[in-house]
Amino acid sequence: MILQALVDYYERKTAEPDSGLAPEGLEPKHIPFVLALDTAGHLVEIEDTRTLQGKKLLGRTYLVPQGIKKTVGIAANLLWDTAEYVLGVDSRGKPERVVQQHRAFVDRIEQELGGLDEPGVLAVRRFLATLDLADLEPFPQWAEIREANPNLSFRLAAHPELICQHRIVREALSRPPQATEEAPRICAVTGREGPLERLHPAIKGVWGAQTSGANIVSFNLDAFTSFGKSQGDNAPVGRPAVFAYTTALNHLLQRDSRRRLQVGDATTVFWSDRTSPLETDFLDFLGEPDKDDPDRHTDKVRGLLRSVDSGAYCEDQDTTRFFVLGLAPNAARIAIRFWYADPVAQVAARIAQHFRDLEMVRAYPNDPPYPSLFRLLLSIAAQNKADNIPPNLGGELMRAVIGGGPYPATLWQAAIRRNRAEQQVTYHRAALLKGCFNRLHRTNPFLRKEITVSLDKTNPNTGYRLGRLFAVLERIQVEAQGGNLNATIRDRFYGAASASPLSVFSNLMKLKNHHLSKLDNRGRVANLEKLIGEILEPVNEFPAQLPLREQGLFALGYYHQRQDPSTYKAQGEDA
């Protein structure tokens with residue numbers, strides 16, 4: 001199903017002009033240096049194609065013959081490769097191996113293009129036949145080539161395109177292989193007859209996987225084979241289908257791709273089987289806001305919330321499917337974390353529900369009304385560092401958003417622990433807890449009612465009420481001391497109050513009386529006493545312990561009460 005959807009995507013995109021997908025048999029590759037030859041095979045110049053992208057110098061991307069999958073053996077690419085293969089440059093202290101690599105590069109050109117009477121190919125053959133590395137030393141790029149071992153290719157000095165891109169060369173490479181007596185094989189993806197691919201090209205761009213790439217389809221141990229079939233024979237996929245799905249997936253995973261989203265350790269790609277607005281909007285909904293256009297994310301989500309109700313994403317909802325594929329590294333392979341293939345309207349509705357579940361009164365004006373998945377995960381990470389996001393949590397959160405199910409329990413548990421560790425409840429963690437509890441309530445009710453966006457004075461839950469009480473007691477302390485405090489009761493007692501109320505609140509209630517006696521405004525004192533009485537009305541006693549879920553409700557009650565105007569003075573003093 002996954003491979004078939006990727007093959008269909010490749011076929012759909014290649015039919016579009018300027019799709020950026022490589023034709024069959026070719027692949028995009030960064031070529032930092034190009035050797036320009038005359039027709040006699042003499043080196044005219046070494047062209048440096050690199051430009052500064054971000055903080056790195058990257059070579060220009062060219063369409064070149066698809067590379068050979070390299071392991072520990074020696075295998076040369078056609079008309080392009082590293083300096084070791086192309087020029088026989090020893091950059092790693094292995095002269096004997098480099099000699100073999102260069103010989104393999106020359107032999108492949110002779111085997112596949114030796115009979116081709118084409119000026120560019122003849123120039124390359126003449127250059128390689130008379131190659132003397134001393135002739136390259138006058139060129140300023142030579143020292144860097146020797147040291148870095150970059151990819152190289154060839155062009156004729158009078159032509160801008162690479163020799164491997166010449167029409168005659170491409171036609172020679174695209175000729176079908178000669179028929180063999182081998183019985184026809186059926187591709188398990190397309191159902192067509194043809195030769196099967198033994199080794200599938202590597203998939204690159206998955207966070208945490210090997211930089212050289214990894215595979216989705218791979219068999220390299222006896223335990224992975226059956227009936228004596230190994231490698232490609234154990235997963236019969238035709239060569240055209242293998243090229244199509246790997247090219248499509250590598251295209252989706254490109255660095256600047258608008259079809260890719262990184263959430264924690266889960267690399268997510270997405271597409272639809274037909275052109276859909278969700279295909280271009282998905283990244284704006286769930287990804288990080290664009291630094292150059294920070295309002296784009298908010299405007300897109302607001303448009304989504306309106307469009308789901310108005311039916312903007314419902315066109316062809318029964319036939320247009322939206323695909324979401326989650327990938328994670330697993331040694332030399334790529335693991336499938338999740339896979340969804342649902343109607344566009346259904347996926348859009350689930351994303352909209354995600355943002356409705358997270359909706360929370362904001363603590364500060366610059367708090368984002370629709371926080372991204374990354375910011376939510378960052379809020380529960382120690383020291384607010386991405387490296388400390390719990391493993392697998394990003395993929396589980398994305399799965400819940402797209403699948404419409406409860407958020408993972410580890411998410412709200414981590415939010416509660418981070419509240420206690422930092423002795424505060426942030427906007428992002430409050431939004432997370434609200435979303436987690438409301439989604440959990442829909443599938444397995446444990447609350448009498450769903451958590452609201454702002455303060456709910458009718459919520460009878462003890463944990464929620466005690467959180468509200470703690471916020472009021474903190475405010476009383478701040479007003480009594482005139483704001484001249486090194487630390488409030490939150491800084492000292494939040495963790496203990498949320499977990500063991502009985503051991504903390506009895507003392508805090510006594511301390512409250514001392515603080516109220518310092519207030520000159522007796523009307524304010526009366527209002528605060530009345531507010532405390534209203535909060536504690538359904539609470540019979542302070543419990544000795546609060547379960548973990550109740551601690552989450554404590555955090556929500558505390559946060560809601562802090563943002564409510566009734567907590568502050570009439571003139572609207574901020575906390």
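The values are calculated or read from the model by the stated rules, or taken from the named source; none is laboratory data. Just so it is clear, the structure is predicted and the values come from calculations on it, not from any experiment. Every residue, glycine as well, gets a Cβ built from its backbone with ideal geometry; the counts of neighbours run over all protein chains shown.
Table: residues versus (1) out of contact with any Phe, Trp or Tyr (no Cβ under 6 Å at 6 or more places or on another chain); (2) not small (Gly, Ala, Ser).
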{"site": "Ala430", "(1), (2)": "no, no"}
{"site": "Lys434", "(1), (2)": "yes, yes"}
{"site": "Arg439", "(1), (2)": "no, yes"}
{"site": "Gln477", "(1), (2)": "yes, yes"}
{"site": "Ser517", "(1), (2)": "yes, no"}
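From the list Ala202, Ala241, exactly one residue is touching a residue at least 40 places away in the same chain (Cβ under 8 Å), outside the structural domain of Leu58 (by TED's automatic domain parsing), in contact with a Lys or Arg (Cβ under 9 Å, 6 or more places away or on another chain) and farther than 30 Å from Gly120 by Cα. Which is it?
Values: Ala202 fails: farther than 30 Å from Gly120 by Cα.
Unique residue meeting the criteria: Ala241.
Within this structure, Ala76 passes the test of being outside any helix (DSSP H, G or I), free of Cβ contacts under 8 Å to residues at least 60 places away in the same chain and among the small types (Gly, Ala, Ser).
Can you work out which of the residues in segment 421-443 that are basic (Lys, Arg) and at pLDDT below 95 is nearest to Ser454 (Cα to Cα)?
Of everything passing the filter in segment 421-443, Arg439 is nearest to Ser454 (Cα to Cα).
Checked against (1) part of a helix (DSSP H, G or I); (2) modelled with pLDDT of 90 or more; (3) more than 27 Å from Arg429 (Cβ to Cβ), Phe322 meets all criteria but (1). Taking the criterion of being more than 24 Å from Arg420 (Cβ to Cβ), touching a residue at least 60 places away in the same chain (Cβ under 8 Å) and not in a helix (DSSP H, G or I), the residues of segment 531-570 that qualify are Pro538, Tyr568, Lys569. Residues in segment 333-361 that are loosely packed, with under 15 Cβ neighbours inside 10 Å and outside any strand (DSSP E or B): Arg356 only.
Look at (1) more than 20 Å from Asp284 (Cα to Cα); (2) in a loop (DSSP other than H, G, I, E, B) and you find that Asp387 fails only one, number (2). For segment 477-491, the condition of being out of contact with any helix residue (DSSP H, G or I) (no Cβ under 6 Å at 6 or more places or on another chain), part of a loop (DSSP other than H, G, I, E, B) and charged (D, E, K, R) holds for none of the residues. Across segment 83-101, the number of residues qualifying as in contact with a helix residue (DSSP H, G or I) (Cβ under 8 Å, 6 or more places away or on another chain) and either touching a residue at least 60 places away in the same chain (Cβ under 8 Å) or acidic (Asp, Glu) (or both) comes to 6. Could you please let me know if Val472 is crowded, with 18+ Cβ neighbours inside 10 Å and assigned to a helix (DSSP H, G or I)? Taking the combined requirement at face value, the residue satisfies it.
Note on segment 455-469: residues that are part of a helix (DSSP H, G or I) and over 21 Å from Gln545 (Cα atoms) amount to 0. Consider Leu261 carefully, then state whether it is touching a strand residue (DSSP E or B) at 6+ places or on another chain (Cβ under 9 Å), aliphatic (A, V, I, L, M) and part of a strand (DSSP E or B). It is true that Leu261 is touching a strand residue (DSSP E or B) at 6+ places or on another chain (Cβ under 9 Å), aliphatic (A, V, I, L, M) and part of a strand (DSSP E or B).
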